[in-house]
Amino acid sequence: MSAIRVENLCCTYGANTPFEQHAVKNVSFEIERGDFIGLIGHTGSGKSTLVQMLNGLIKPTSGKIYVEDNDIWSEPKNIRNIRFKVGLVFQYPEYQLFEETVEKDIAFGPSNMGLSVEEIENKVKNAAKFVGLSDTLLKKSPFDLSGGEKRRCAIAGVIAMDPDILILDEPTAGLDPVGRDVLLSQIAQYQKAKNNTVILVSHSMEDVARVTDKVMVMNKGQLKMFDKTDKVFSRCDELNEIGLRVPQITKVTDALKNKGFDIPEGILTVDKAVHVISELLKKEGKL
């Protein structure tokens, strides 16, 4: 059974007006349980509209969305339950914070699921632990936290609902390099520990290359590519044509390969490049 299956999905804004815009056009795909998916595309490519449809926040103009083989719009009155299964963290999620304490903010979602007080407390503690928030921060106002801590608090609020599918829309936007690395590592650890399906929407090719198993590429509302991460980033020319780029380290190692160095294709991270180049230098007696 797949985690999400989408068939001929379309979303049109301003239909039958001079401002009609096709945000998502005839998109079909299937995501398996436990997949870690990167979703990339330039601004206006349809990424945010697509993930909001997967979560049931936007109703498709046409097409079907199945979560665990159930059509999410078969019973519109129950669409709220889908949001417990498909958790969505918006871009700049710290703007969603509103409670008196971090603990209450994280507990808001589970509190709407009909759980006992004990169950809610356990979910709050586990979610805070997953995102690296200490117990001392739980009693603080969320507005007293640093930017990175606010981001982790907002993400914990969605994780606390224990969704089968977690969608993160630009979770590292606006963070410094250290904060970005910490948050990405925590997301990767969460996915590995829970074996949940995670969809990471990002403009950073480096972030996507570092943590995801597969990549979806959107362009002008259409799904242009969906394959394993290394295979997608090996299609440099096609990505360039639609205004995207491969990770910088991939460009560097490809340039070395073109110069005649014995380096494999598809190197996506700095760590992998360091290992490969170090081994090459050792082989040549230069290290």
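Read-outs throughout are calculated quantities, based only on the coordinates presented, and are distinct from any laboratory measurement. Bear in mind the structure is a predicted one, so any value in this text is a computation, not a measurement. Don't worry about glycine lacking a Cβ; one is built from the backbone with ideal geometry, like all the others, and counts go over all protein chains shown.
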Using the Kirkwood formula on alpha carbons, the hydrodynamic radius of region 185-287 in angstrom works out to 15.1
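When a/c is below 1.5 the answer is rounded, else prolate if a/b is larger than b/c, else oblate, so apply that to region 1-40 with a ≥ b ≥ c taken from the square roots of the Cα gyration tensor eigenvalues. It would help to have the intermediate numbers written out before the result.
Values: a/c = 4.80, a/b = 2.62, b/c = 1.83.
Prolate shape, in that a/c is at least 1.5 and a/b is the bigger ratio.
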For region 43-60, Karplus-derived ³J(HN,Hα) couplings (6.51, -1.76, 1.60; θ = phi - 60°; whole Hz; x for glycine and proline) come out as 4, x, 7, x, 4, 5, 4, 4, 5, 6, 6, 5, 8, x, 6, 10, 8, x
At the level of C-alpha centres, the distance separating region 242-287 and region 176-195, in angstrom, is 25
Of all DSSP beta bridges with both partners in the chain, the antiparallel percent, nearest 5, is 55
Each label sits 7 Å from Cα toward the beta-carbon; between VAL178 and HIS42 the label points are separated, in nm, by 3.5
Nearest 10, in degrees from 0 to 90: the angle of helix 102-111 to the longest Cα principal axis of the chain is 70
For the chain, longest principal axis from Cα atoms; helix 177-194 axis from its Cα atoms; angle between them, nearest 10 degrees, is 70
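Tell me the volume per residue, in Å³, of the convex hull enclosing the alpha carbons of the chain.
Numbers: hull volume 44.2 nm³, N = 287.
In the chain, the Cα hull volume divided by residue count equals 154 Å³.
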GLN189 and GLU75 label points (each 7 Å along its Cα→Cβ direction) are spaced in nm at 3.8
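Sort CYS11, CYS236, CYS153 so that the residue with the fewest other Cβ atoms within 10 Å of its own Cβ comes first and the one with the most comes last.
Working: CYS11 23, CYS236 14, CYS153 27.
Starting with the residue having the fewest Cβ neighbours, the order is CYS236, CYS11, CYS153.
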Against the 2.2 N^0.38 Å rule of thumb, the C-alpha Rg of region 53-112 sits at a ratio of 1.33
The set of residues whose placed amide H lies less than 5 Å from the amide H of LYS59, leaving out same-chain residues fewer than 5 positions away, is none
Which residues qualify? For MET216, with a placed amide H closer than 5 Å and at least 5 residues away or on another chain, they are GLY38, LEU39, ILE40
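Provide the FRET efficiency to the nearest 0.05 for the HIS275-GLU30 pair, computing r from the beta carbons and using R0 = 45 Å.
On the way: r = 34 Å, r/R0 = 0.74.
About 0.85, to the nearest 0.05.
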With region 7-135 reduced to its Cα atoms and the Debye formula applied, log10 I(q)/I(0) at q = 0.12, 0.20 1/Å amounts to -0.61, -1.27
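Taking the Cα centre of region 1-110 as the origin, how large is its charge dipole in debye, to the nearest 20, when only Lys and Arg (+1) and Asp and Glu (-1) carry charge on their Cβ atoms?
Working: 11 positive and 14 negative charges, 66 e Å.
Once rounded to the nearest 20, the dipole reads 320 debye.
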Contour minus Cα-Cα span, GLU99 to LYS283, at 0.36 nm per residue, comes to 60.4 nm
ALA255 and THR61 label points (each 7 Å along its Cα→Cβ direction) are spaced in nm at 4.3
Once phi for every residue in region 160-167 is put through the Karplus expression 6.51 cos²θ - 1.76 cosθ + 1.60 (θ = phi - 60°), the whole-Hz ³J(HN,Hα) values, with Gly and Pro written as x, are 4, 7, 6, x, 5, 10, 10, 10
Amide H neighbours of GLU32 at under 5 Å, excluding residues fewer than 5 places away on the same chain, with H built from the backbone geometry, are ALA3
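So for region 71-189, averaging the separation of alpha carbon pairs under 8 Å that are six or more residues apart and normalising by length, what relative contact order in percent results? Mind dumping the intermediate values first?
Numbers: 163 pairs, mean separation 46.9, N = 119.
Here the relative contact order equals 39 percent.
Note down the relative contact order for the chain as a percent, whole number, built from C-alpha pairs under 8 angstrom at least six residues apart. Display every interim value, and only then the final one.
Values: 519 pairs, mean separation 61.2, N = 287.
Once normalised by length, the contact order is 21 percent.
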Phi angles of region 5-17, converted by Karplus (6.51 cos²θ - 1.76 cosθ + 1.60, θ = phi - 60°) into ³J(HN,Hα) in whole Hz with x for Gly and Pro, give 10, 10, 10, 6, 6, 9, 9, 10, 9, x, 4, 6, 10
Rounded to the nearest 10 degrees, the helix 147-159 long axis (Cα) sits at an angle to the longest Cα principal axis of the chain of 60
With only helices counted (DSSP H, runs n ≥ 4, each -39500 (n - 2.57)), the per-residue ellipticity at 222 nm for the chain, to the nearest 500, works out to -11500 deg cm²/dmol
